[in-house]
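Structure record follows, encoded as structure tokens.
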Amino acid sequence: MIHRFGGPAVMQVEDRPAPAIGDRDLLVDVRAASLNPIDFKMRDGKVKFVTRPPMPIGLGCDVAGVVVAAGKDVSRFHAGDEVFARLEKHRMGGLAEQVAVDESVVATRPRSISFEQAAAIPLAGLTALQALREVAALQSGQRVLIHAGAGGVGSLAIQIAKHLGATVLASGSTRNLELIRSLGADQAVDYTTGEVEQLRDLDVVFDTLGGDSEPRSLGQVRRGGVVVGVSGLPDLAFARTSMPAWIRPVIWLATGGRRRAAHRAGAEFRYLFMHPDGVQLAELAAWIDAGTLRPIVHRSYPFADVREAFAELERGRARGKIVVTLP
């Protein structure tokens, strides 16, 4: 839990009552929860203008576990079902023994993988799926560049893009190129050599890095191409619908360079803030059980070592996802 925004010192483990469930909610015993950059960004206060649950805030949003109770209007799940979910955005707190979650964002756990592996899927998998299929409208035969292909989102995005029929180029460090190839990338590109910047005429770039990478990516797509960003500043369309009015001029000024790069390239930048979706999660589960998609777990930590898990996440060198297990 956190009671104020700040660095690692503001995190604390607390005994709290079991969460109350509504008519459409499930109460889930958590067996594993994965960490995502949104967790330390939430802790630091870096996303408070986008999503800000009331204090105190529970950290963690990806869970896998067992249903122990269901609200009276729940129709799809029962006690004893093994499930996984990306919790609703107003309802963080996956790093806990139990969570309450609306059944609409829940799916049955893939039978072919463990709870730890299942917890590694929701946010990263939904982000990749929505970015590539919904926002970029990626088509079979198109060329897509996926930045940070060994990361939690990138490692799943490579596999999803291949499943959609695209030719996949993915960037990574020298030590991660073999992993990127093993995930199905047609070309693994070493970002330490300057090779990435030489790529041109791409149909889509999935930019998970943000910052200066976004205008560079816009210079690499063909005219009419699309860059989808998930880590940098939002676009104005998102700001108008999801952020306070006073901050919209700030977003306009701060993203001027990106807009100019898009204009020069004759391309489009689109921002994605992933939405939880149980139907899409069930689709990913089916792909996992069919052998089309596999999660990569960098390391699993017991709940007692959650601070060490956050420290590893914030180093930014994880291959795949970091998972926390509960008894």
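Only one of the numbered conditions (1) over 30 Å from K72 (Cβ atoms); (2) touching a residue at least 60 places away in the same chain (Cβ under 8 Å); (3) outside any strand (DSSP E or B) is not met by M42, and that is (2). Of all residues being within 12 Å of L26 (Cβ to Cβ) and touching a residue at least 60 places away in the same chain (Cβ under 8 Å) in the range 77-87, which is surrounded by the fewest Cβ atoms within 10 Å (Cβ to Cβ)? Just the residue, please. The selected residue is L87.
Applying a threshold of 8 Å to beta carbon distances and a minimum spacing of six or more residues, or different chains, the list of pairs starting in the range 273-293 at a residue that is closer than 28 Å to F238 by Cβ and ending at one that is acidic (D, E) and assigned to a helix (DSSP H, G or I) reads G278/E103. Number of residues in the range 1-30 that are in contact (Cβ under 8 Å) with a residue 60 or more places away in the chain, surrounded by fewer than 21 Cβ atoms within 10 Å (Cβ to Cβ) and in a strand (DSSP E or B) equals 2. Can you tell me which residue is farthest from D212 (Cα to Cα) among those in the range 223-248 that are surrounded by 16 or more Cβ atoms within 10 Å (Cβ to Cβ) and modelled with pLDDT of 90 or more? That would be G225. Selection of the range 195-218 for residues being modelled with pLDDT of 90 or more and within 17 Å of the chain's Cα centre (by Cα) yields V205, F206, D207, T208, L209.
Considering only residues that are among the hydrophobic types (A, V, I, L, M, F, W, C) and buried (at least 19 other Cβ atoms within 10 Å of the Cβ), which ones fall in the range 288-305?
Within the range 288-305, I288, L293, I296, V297 qualify.
Pairing residues of the range 151-172 that are assigned by TED's automatic domain parsing to the domain that holds G141 with residues that are of a type in the set (S, T, N, Q), at Cβ distances under 6 Å and at least 6 apart in sequence or on separate chains, gives V153/T127; V153/T208; G154/T208; H163/T292; G165/S140; A166/Q142; L169/Q187.
Kindly establish whether L326 is touching a residue at least 24 places away in the same chain (Cβ under 8 Å), under 23 Å from V10 (Cα atoms) and not small (G, A, S). So L326 passes the test. Here F303 clears all of (1) out of contact with any helix residue (DSSP H, G or I) (no Cβ under 7 Å at 6 or more places or on another chain); (2) at pLDDT 95 or above; (3) under 26 Å from D203 (Cβ atoms) except the condition numbered (3).
The helices (runs of 4 or more DSSP H) found entirely in the range 94-165 that carry 1 or more residues being within 23 Å of P302 (Cα to Cα) and at pLDDT below 95 are 152-163.
The values are calculated or read from the model by the stated rules, or taken from the named source; none is laboratory data. These figures come from a predicted structure and were not determined experimentally. Note that we place each Cβ from the backbone using ideal geometry, even for glycine, and neighbour counts take in every protein chain shown.
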